[in-house]
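Beneath this line is the structure, given in structure tokens, with notes to follow.
The values are calculated or read from the model by the stated rules, or taken from the named source; none is laboratory data. Here the structure is a predicted model, which means the values were calculated and not measured. Using ideal geometry, Cβ is built from the backbone for each residue, glycine included, and neighbour counts are taken over all protein chains shown.
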Amino acid sequence: MRNRVLRPCGRGLGTNLEEVSVFDLSTLKTDKKLEEDGAWVEISQGFSIKVCRMGSKRHTKALERLRMPYKNWRELPDEKARELTIKALAEGVLIDWKGLRLDGKELPYSVDNCVQVLSEIGEFANMVIQAASNFTTFKEETLKGEEKN
């Protein structure tokens, strides 16, 4: 929500005023419970994913556990880093889905199935990351709007 403010403009002490929009940071507030427990995001009619926020405690714990055996995360080969990142997404970000099909067959949610589709279908992984990174997924108002419908 933006508020309007007038401020002096130009040089000197003239009376010229210009309108300025002010951004209210409270519009960025999210529901912390949703960030940790997950929020449903409809991808298409009949297909939804439930995601926790990127960087949530659940995601962070998965990353820490997966990285533990390695001394220096930055020195991992790219393929190993990608594998661990996908496992962390499967364990800590994408926590459920409804209506997912693979090759025409219903694919039930499991961490193993999650790792499979995130590994094989990069665009799906991008969708998950985008949904879990977008603050609007976890907005308080989003919940209130859904309850009304």
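At-a-glance table
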| item | result |
| --- | --- |
| Filter result (among the hydroxyl-bearing types (Ser, Thr, Tyr) and modelled with pLDDT of 80 or more) within the range 1-26 | 26 |
| Residues located in the range 42-65, provided they are within 19 Å of residue 125 (Cβ to Cβ), of a type outside the set (Asp, Glu) and free of Cβ contacts under 8 Å to residues at least 24 places away in the same chain | 44, 55 |
| Residue within the range 128-143 that is out of contact with any His (no Cβ under 9 Å at 6 or more places or on another chain), outside any helix (DSSP H, G or I) and on the phi > 0 side of the Ramachandran plot present | no |
| Test for residue 71: is it without any contact (Cβ under 8 Å) to a residue 40 or more places away in the chain, part of a helix (DSSP H, G or I) and surrounded by fewer than 18 Cβ atoms within 10 Å (Cβ to Cβ) | no |
| Qualifying positions in the range 83-123 - of a type in the set (Phe, Trp, Tyr) and either in a helix (DSSP H, G or I) or in contact (Cβ under 8 Å) with a residue 24 or more places away in the chain (or both) | 97 |
| Sole exception among (1) more than 21 Å from residue 126 (Cβ to Cβ); (2) surrounded by 10 or more Cβ atoms within 10 Å (Cβ to Cβ); (3) among the acidic types (Asp, Glu); (4) at pLDDT 80 or above for residue 83, by number | (1) |
